[in-house]
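In what follows, a single structure is set out as structure tokens and then discussed.
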Amino acid sequence: MLVSAKDMLQKAKAGKYAVGQFNINNLEWTKAVLQTAEELRSPVILGVSEGAGKYMCGFNTVADMVKAMMKTLNITVPVALHLDHGTFEGAYKAMDAGFSSVMFDGSHYGIEENVEKTTKVIEDAHARGISVEAEVGAIGGEEDGVIGGGEVADPDECKRIADLGVDMLAAGIGNIHGKYPANWTGLRFDVLEKIGEKTGEMPLVLHGGTGIPADMIKTAISLGVSKINVNTECQLAFQEATRKYIEEGKDLIGKGFDPRKLLAPGVEAIKATVKEKMELFGSVGKA
Ligand code: 13P
């Protein structure tokens with residue numbers, strides 16, 4: 001059964017660790033993340049962007065696949081199915097399809113409109129036991145065609161949004177989606193600290209988990225980050241392993257063309273990445 005992300009993140013905040021959100025793209029991806037979470041007894045959040053949802057034939061297909069897979073694989077750790085960077089309309093579609101958590105990303109609106117729309121989503125989501133993530137200060141980089149400028153959030157605006165009753169808050173602190181450029185100056189821990197002071201018990205979310213060095217991840221967790229999103233890193237691991245398989249000509253040997261064989265190294269690479277992140281985030285054994 002899917003659960004809202006609220007409890008697992010409150011526990012993570014209190015226990016000073018973070019739960020990973022791993023974005024999924026297909027059946028193999030979903031299976032790899034779920035099996036790793038179960039094996040490591042870690043709570044987990046499956047992230048689905050609107051683009052990935054569309055690719056997988058809609059939110060209903062995704063929700064039904066995840067639920068059926070959890071049943072068949074006998075997954076007993078807490079799993080939240082979460083809409084990543086949702087629009088206002090997208091948040092409602094995901095809720096209707098059975099997602100247990102949604103992000104409404106109003107960071108590109110002015111603060112008043114962000115407050116107004118976030119308030120409405122919270123009201124309707126909470127009535128259904130669904131958790132809500134809101135965002136202040138757009139995350140930089142490109143994700144599904146949405147390009148954010150990499151703003152640094154205003155701690156007072158974070159407090160305003162936190163006070164609306166969101167369950168988790170994403171704040172831009174110099175983090176970006178995708179690979180970090182060579183001239184990246186790192187996370188703004190000074191800003192994160194201020195946001196943490198103003199928002200108290202609110203679990204904070206760090207987007208753009210790919211490529212953030214381990215010591216920065218640990219510092220972020222110590223300053224109140226309880227959810228870390230990872231997407232590109234699993235994609236790169238999958239790509240690298242699949243490339244190797246083909247470059248070594250393994251697809252040409254015997255039944256090496258069978259998709260179950262062809263995709264297996266990539267799946268193993270996703271599992272290894274998820275394991276590494278869960279260990280780093282401290283969520284292993286917390287389910
Ligand atoms: P990365 O692709 O940089 O890991 O970011 C993931 C993310 O923040 C999803 O919202």
Review point. Is at least one residue of the range 232-241 under 30 Å from MET202 (Cα atoms), touching a Gly at 6+ places or on another chain (Cβ under 6 Å) and not acidic (Asp, Glu)?
Key: yes
Check your understanding: Which of the residues that make up the range 197-230 are among the hydrophobic types (A, V, I, L, M, F, W, C) and in a strand (DSSP E or B)?
Key -> LEU204, VAL205, LEU206, VAL225, ILE228, VAL230
**Study point:** Criterion: assigned to a helix (DSSP H, G or I), within 16 Å of the ligand (Cβ to nearest atom) and crowded, with 16+ Cβ neighbours inside 10 Å - qualifying residue of GLU233, GLU157
**Key:** GLU233
Point to revise | Residues satisfying the stated conditions in the range 236-251, i.e. part of a helix (DSSP H, G or I), away from the ligand (no atom under 16 Å from the Cβ) and acidic (Asp, Glu) | key: GLU247, ASP251
Practice item. Evaluate the range 63-78: report whether one residue or more is touching a helix residue (DSSP H, G or I) at 6+ places or on another chain (Cβ under 6 Å), within 16 Å of the ligand (Cβ to nearest atom) and not aromatic (Phe, Trp, Tyr). Key: no
Exercise for review: Name the helices (runs of 4 or more DSSP H) wholly inside the range 1-114 in which the number of residues that are within 16 Å of the chain's Cα centre (by Cα) and within 21 Å of ALA162 (Cβ to Cβ) is 2 or more.
Suggested key: 6-15
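So that you can scan it fast, the table gives a plain yes or no per residue for (1) surrounded by 23 or more Cβ atoms within 10 Å (Cβ to Cβ); (2) within 16 Å of the ligand (Cβ to nearest atom); (3) at pLDDT below 95; (4) closer than 16 Å to GLY224 by Cβ:
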{"site": "MET8", "(1), (2), (3), (4)": "yes, no, no, yes"}
{"site": "LYS11", "(1), (2), (3), (4)": "no, no, no, yes"}
{"site": "ALA18", "(1), (2), (3), (4)": "yes, yes, no, yes"}
{"site": "PHE22", "(1), (2), (3), (4)": "yes, yes, no, no"}
{"site": "ASN26", "(1), (2), (3), (4)": "no, no, no, no"}
{"site": "ALA32", "(1), (2), (3), (4)": "yes, yes, no, no"}
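A quick yes/no check of all residues on (1) in contact with a Leu (Cβ under 6 Å, 6 or more places away or on another chain); (2) farther than 23 Å from ASP96 by Cβ; (3) free of Cβ contacts under 8 Å to residues at least 60 places away in the same chain:
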| position | (1), (2), (3) |
| --- | --- |
| THR36 | no, yes, no |
| LEU40 | no, yes, no |
| GLY47 | no, no, no |
| GLU50 | no, no, no |
| GLY53 | no, no, yes |
Practice item. Six or more apart or on different chains, Cβ under 6 Å: which pairs go from a residue in the range 73-102 that's surrounded by fewer than 16 Cβ atoms within 10 Å (Cβ to Cβ) to one that's in a loop (DSSP other than H, G, I, E, B) and not polar (S, T, N, Q)? Could you list them? Key: none
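The values are calculated or read from the model by the stated rules, or taken from the named source; none is laboratory data. Keep in mind the model is a prediction, meaning the values are calculated, not measured. Positions of Cβ are generated from backbone atoms using ideal geometry, with glycine treated the same way; all protein chains shown enter the neighbour counts.
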